[in-house]
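Enquirer: Quick one: the structure is below, questions incoming.
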Amino acid sequence: MSGTLYIVSTPIGNYEDITLRALKVLKDADEVICEEFKEGKRLLKQYGIDKPVRRLNEHNEKKETPQIIKDLKNGKNFALISDCGTPVFADPGSYLIKEAVSANIKLVPVPGASSLMSALVAAGIPVDRFVYYGFLSPKREMRRKELLRIRVEKIPVVLLDTPYRLFSLLGDIIDVLGKETHVIFCMDITYPS
């Protein structure tokens with residue numbers, strides 16, 4: 001009988017934001033698949049969980065996935081985590097999930113912390129409809145073309161980006177979308193501070 005791949009959401013900066021269910025899955029899994037060893041081991045250590053970890057990120061996902069699928073077919077249970085938040089959501093794991101679906105592996109999402117939902121509910125705007133666009137291209141010309149496509153939206157558009165690109169992104173938003181564009185920045189909102 002095949003094993004199960006659990007897709008486990010982890011805290012975003014505040015270790016108290018983990019669910020009881022996530023802790024149980026992490027304790028019961030045969031192995032934890034993490035984005036980076038350092039972050040994965042730090043998370044498990046925080047909760048006193050001693051499990052083997054396997055790294056899966058954008059550099060090795062296609063190479064490692066066949067072995068993980070084989071192990072799942074042989075009955076191993078894995079917990080997939082990202083460095084923080086919900087796996088696959090702007091993080092590696094999409095290819096593994098796609099291959100697991102193709103192989104008829106049981107997938108079980110374990111919900112929890114979400115940067116997207118935390119930001120939306122704290123933004124003070126209507127959130128009954130929105131567009132999640134994610135990361136824009138780091139290349140300026142491509143990013144500006146993407147902003148032109150976004151310009152037609154009449155509902156909130158959620159973008160993600162890294163702090164070191166924030167000023168160039170904001171400059172492009174002003175240039176392409178105009179100075180009257182309503183922008184809300186959310187950063188570290190689930191951290192204890």
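The values are calculated or read from the model by the stated rules, or taken from the named source; none is laboratory data. Since the structure is predicted, the reported quantities are computational estimates derived from the model, not experimental observations. Please note: Cβ atoms are built from the backbone with ideal geometry, for glycine as well, and neighbour counts cover all protein chains shown.
Enquirer: What residue, of Ser115, Ser102, is loosely packed, with under 12 Cβ neighbours inside 10 Å and either out of contact with any strand residue (DSSP E or B) (no Cβ under 7 Å at 6 or more places or on another chain) or in contact (Cβ under 8 Å) with a residue 40 or more places away in the chain (or both)?
Expert: Ser102
Enquirer: Which ones in the range 12-67 are touching an Asp or Glu at 6+ places or on another chain (Cβ under 6 Å) and among the hydrophobic types (A, V, I, L, M, F, W, C)?
Expert: Leu56
Enquirer: Go through the range 99-137 and give me each residue that's outside any helix (DSSP H, G or I), among the charged types (D, E, K, R) and at pLDDT 95 or above.
Expert: Lys106
Enquirer: Please determine whether any residue of the range 56-78 is more than 22 Å from Tyr191 (Cα to Cα), buried (at least 16 other Cβ atoms within 10 Å of the Cβ), of a type in the set (Ser, Thr, Tyr) and touching a Phe, Trp or Tyr at 6+ places or on another chain (Cβ under 9 Å).
Expert: Scanning the range 56-78, I find at least one residue that is more than 22 Å from Tyr191 (Cα to Cα), buried (at least 16 other Cβ atoms within 10 Å of the Cβ), of a type in the set (Ser, Thr, Tyr) and touching a Phe, Trp or Tyr at 6+ places or on another chain (Cβ under 9 Å), so the answer is yes.
Enquirer: Further, regarding this structure: Can you pull out every residue in the range 76-94 that is modelled with pLDDT under 95 and more than 20 Å from Leu20 (Cβ to Cβ)?
Expert: Across the range 76-94, the qualifying residues are Asp83, Val88, Phe89, Ala90, Asp91, Pro92, Gly93, Ser94.
Enquirer: Moving on. Looking only at the range 138-145, decide whether some residue is in a strand (DSSP E or B) and either surrounded by 12 or more Cβ atoms within 10 Å (Cβ to Cβ) or in the same structural domain as Ser82 (by TED's automatic domain parsing) (or both).
Expert: no
Enquirer: Next question. Take Arg21 and decide whether it is within 20 Å of the chain's Cα centre (by Cα), basic (Lys, Arg) and over 17 Å from Leu96 (Cβ atoms).
Expert: yes
Enquirer: Name, by its number, the condition in (1) without any contact (Cβ under 8 Å) to a residue 24 or more places away in the chain; (2) touching a Pro at 6+ places or on another chain (Cβ under 8 Å) that does not hold for Leu44.
Expert: Single failed check for Leu44: (2).
Enquirer: If you scan the range 143-179, which residues turn out to be hydroxyl-bearing (Ser, Thr, Tyr) and over 22 Å from the mean Cα position of the chain (by Cα)?
Expert: Once the filter is applied, which keeps residues that are hydroxyl-bearing (Ser, Thr, Tyr) and over 22 Å from the mean Cα position of the chain (by Cα), the range 143-179 yields only Ser168.
Enquirer: For the range 154-180, what are the residues that are assigned to a loop (DSSP other than H, G, I, E, B) and surrounded by 13 or more Cβ atoms within 10 Å (Cβ to Cβ)?
Expert: Pro156, Asp161
Enquirer: Please specify each residue of the range 18-45 satisfying the condition of being buried (at least 17 other Cβ atoms within 10 Å of the Cβ) and of a type in the set (A, V, I, L, M, F, W, C).
Expert: Within the range 18-45, Ile18, Ala22, Val25, Leu26, Ala29, Val32, Ile33, Cys34, Leu43, Leu44 meet the criteria.
Enquirer: Taking the conditions exactly as written (exposed (fewer than 13 other Cβ atoms within 10 Å of the Cβ), in contact with a Gly (Cβ under 6 Å, 6 or more places away or on another chain) and modelled with pLDDT of 95 or more), does Gly48 satisfy them or not?
Expert: No; evaluated as a whole, the condition is false for this residue.
Enquirer: Check Leu20, Leu43, Leu5 and return the single one that is in contact with a helix residue (DSSP H, G or I) (Cβ under 6 Å, 6 or more places away or on another chain) and either under 21 Å from Gly112 (Cα atoms) or modelled with pLDDT under 95 (or both).
Expert: Leu5
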